[in-house]
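Values in this text are rule-based calculations from the coordinates and carry no lab data. Every value quoted in this text rests on a predicted model; they were computed, and no experiment measured them. Neighbour counts run over all protein chains shown; Cβ positions are idealised from the backbone, glycine included.
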Amino acid sequence: MSSEESDTGWNYSAKGTTGQKVIVAILLIFPMLIFGITPLYNKDKPTLLGLPFFYWFETIWLVVSAVFYVIAALMLNRMEGGDSQ
Amino acid sequence: MNNYIILSVFVALFLVFVALGFGSSRFRRGDMSDLGEWALAGRKLGGYLAWFLVGADLYTAYTFIAIPELVYEKGAVYFYAVPYVGMTFGIAMITMPRLWRMAKGKNYVTAIDMVQDKFNSKTLAILLAFTGIVAELPYIALQIYGMQAVLTVMIGHLTTTDANIVTEIALIVSFIVLAAFTFTSGLRGATITAVMKDAIIFASVIVIIVVVPMRIGGFAVAFTDAKTLATGTSTLAGLFLNGFISLTIMSALALYLYPHAINGVFSTNSTKRLRLSTALLPIYGVGLALLALFGILIYAVPSALGDVAKYGAVTVVPSLIYAEFPDWFVGFAFLGIFIGGLVPASIMAISQANLLTRNVVKVARPNIDSKTEARLSKWFSVMFKFIALAFIFAISATYSLELQLVGGIIILQTLPAIFIGMYTKRLNKYAVGVGWAAGMITGVYMILDANFFIAHLPSLQTTFFKFATPFSFIYIGLIALLVNLLFAIVGSLVMGGTKEASVKTTKA
């Protein structure tokens, strides 16, 4: 198997230590998990600017998710190494 | 209100939009090296464009029209769009860099190209290509509904006698213009106009979300005025908890199965940039959340409610803008919403055309050259635009969102072949085919059952299926996907996996 072929992704496996992979997995799954457990945020109070918790929490969690995802992306990009931007 | 000022601003900006659309192809021809550097070299600006590229064709009339419409009509359950957006990019972070890497070097244009190699089956590829094409149709129709909503409010205030005819003519004219510049400029035209579209939308949403709550005395007032909505107002009614969760997860899984989303992914230049821009996309969703809240805000604005009563709930956002803002701003924001439907419709038609050319025509006639391939795709994209336009004149849906949710049920049936096929060789092509058929039959039957056989509704109104407690309402997409997976997985266990052809045969 030439190195070019393994780069095409058909046989790609991520580099990096097990610890790094676990951290990345948590960073990706945790925000999704919170969104998936709706009873967690299905409540009225506390309100923010007159918005019930249900609405403002989900909106703010989008921003929190993005932060988690970006950290995961930066870690994955470093694990991937190489030159391409 | 001076409605002619609104119209003038709208038309003037539309001309700018058209010029950008046509001009983008000349820009490329005139200075190809510069654009190559800008879009492909991967500096910060390049990453930013990638963000627009993937993000811009995902936030559409779905966001500006369909979600606010149903939050206004039915309440909290349709706020599912927010967790859906948060979740879908996490899924994309996991799946898309891998798909991108598989596509690289094999010059894949569609995800179905990968399926064809992986399962070594042209039949399965053609089946899934048509699934993608069909699933995009109601999604494009939704875009047209959105454009129509803006025109209805704008033209409705200008003339009452021939408003419908004028709206339809305006719609057809803009589609001809769109078809023409997609033909000449392709995805580049769509991308550059998408930047204009999003700049206008962002500016409008921020202004509106600051100004309107201040005028009406805060969000709390609107929530009080909204009283009791069917699925909950300030929180989600317990009966709709499963509906909310199933809509969220299924929509999150569905988005990156759509051919137009794959288009965006494949047009980025590296896995690293793809990852970073995907990671930032939930930020885009904040705009979606704010727009969804317009469905509640409008309850505190009586004159906007009057317009909605006259023109339909589909006009929640345009009516609110019309009621609260000066003429020039109304024209500005209306144009944003209008091209917010037009640009995605263009990208979706391009992706349909790619499927038809690459995975159907090219399979039947493998030796067509690349020039013919491109020419075919151009004409197919024109064709699909007008099929979608005909679709909307022929089919009536009570809520525009339901069109997109039907598209979701259909596209979800490609999940085993694409998302699972990406990772394993153990799926059997016949089992995947049978699973597809079982899922599709289940989905279509349940849609018909929920809308027409049980409730005898006059038009498409729901994609929930009502089960006995404790399940209550569940999105049909979930049921259909489970049936599909059952057949695909059990069948594969019985028959064994398929040998992929690609890795060995395409050693170039």
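Annotations
- If you take the Cα centroid of segment A:42-76 and the Cα centroid of segment B:266-307, the two points sit 14 Å apart.
- Packing-based order for B:170-178, A:68-76, B:210-218, using average beta carbon neighbours within 10 Å, highest first: A:68-76, B:170-178, B:210-218
- Packing rank of B:442-448, B:360-366, B:476-482, where each peptide gets the mean count of other beta carbons within 10 Å, highest leading: B:476-482, B:442-448, B:360-366
- Close amide H partners of B:S472, meaning residues 5 or more places away or on another chain with modelled amide H under 5 Å apart, are B:F467.
- Along segment B:335-351 the Karplus relation, 6.51 cos²θ - 1.76 cosθ + 1.60 evaluated at θ = phi - 60°, assigns HN-Hα couplings of 4, x, 5, 4, 6, x, x, 5, 5, x, 4, 5, 4, 5, 5, 4, 5 Hz to successive residues, with x for each Gly and Pro.
- Total lysine pairs whose alpha carbons fall under 22 Å of each other in segment B:3-398 (8 or more apart, or interchain): 22
- Helix B:44-56 axis, angle to chain B major axis (alpha carbon atoms, nearest 10°): 80
- A:V64-B:L493 FRET efficiency (beta carbon distance; Förster radius 30 Å; 0.05 resolution): 0.15
- Across segment A:38-80 the C-alpha pair distances fall into 5 Å bins from zero in the proportions 6, 22, 19, 16, 12, 10, 8, 6, 3, 0 percent.
- Simple rule: put +1 on each Lys or Arg Cβ and -1 on each Asp or Glu Cβ in segment B:3-398, find the dipole, and look at B:F325, B:V360, B:I209; the Cα lying farthest toward the positive end is B:V360.
- Ordering of B:382-394, A:35-47, B:81-93, B:293-305 by packing is B:81-93, B:293-305, B:382-394, A:35-47, highest average first (other Cβ atoms within 10 Å, averaged per residue).
- Efficiency of FRET from Cβ geometry, B:A19 and B:F467, R₀ 56 Å, rounded to 0.05: 0.60
- Spin-label model, B:L482/A:L74: points 7 Å from Cα along the beta carbon direction are separated by 4.1 nm.
- When shorter helices are ignored and each DSSP H run of at least 4 residues is given -39500 (n - 2.57), the per-residue value for the protein assembly as shown at 222 nm works out to -24000 deg cm²/dmol.
- Taking other C-beta atoms within 10 angstrom as a stand-in for reagent exposure, B:T161, B:T184, B:T271 fall in the order B:T161, B:T184, B:T271, fewest first.
- Here the 3J(HN,Hα) profile of segment B:126-132, calculated from phi with Karplus coefficients 6.51, -1.76 and 1.60 at θ = phi - 60°, is 5, 4, 6, 4, 5, 4, x Hz, Gly and Pro shown as x.
- Alpha carbon centroid spacing (whole Å) that separates segment B:78-156 from segment B:350-414: 11
- Remark: relative contact order (chain B) = 29 percent; criterion is Cα-Cα distance under 8 angstrom and separation of 6 or more residues.
- For residues of A:29-38, the mean tally of beta carbons on other chains within 10 Å: 6
- Cut-off under 5 Å, modelled amide H: who pairs with B:L460 long-range: B:T398
- Shielding of peptide B:147-155 by partners, expressed as the average count of other chain Cβ atoms within 10 Å per residue Cβ, is 0.
- 3J(HN,Hα) couplings calculated from phi for segment B:81-92 with the Karplus curve 6.51 cos²θ - 1.76 cosθ + 1.60 (θ = phi - 60°) are, in sequence order, 4, 6, x, 4, 5, x, 7, 4, 7, x, 4, 5 Hz; Gly and Pro show x.
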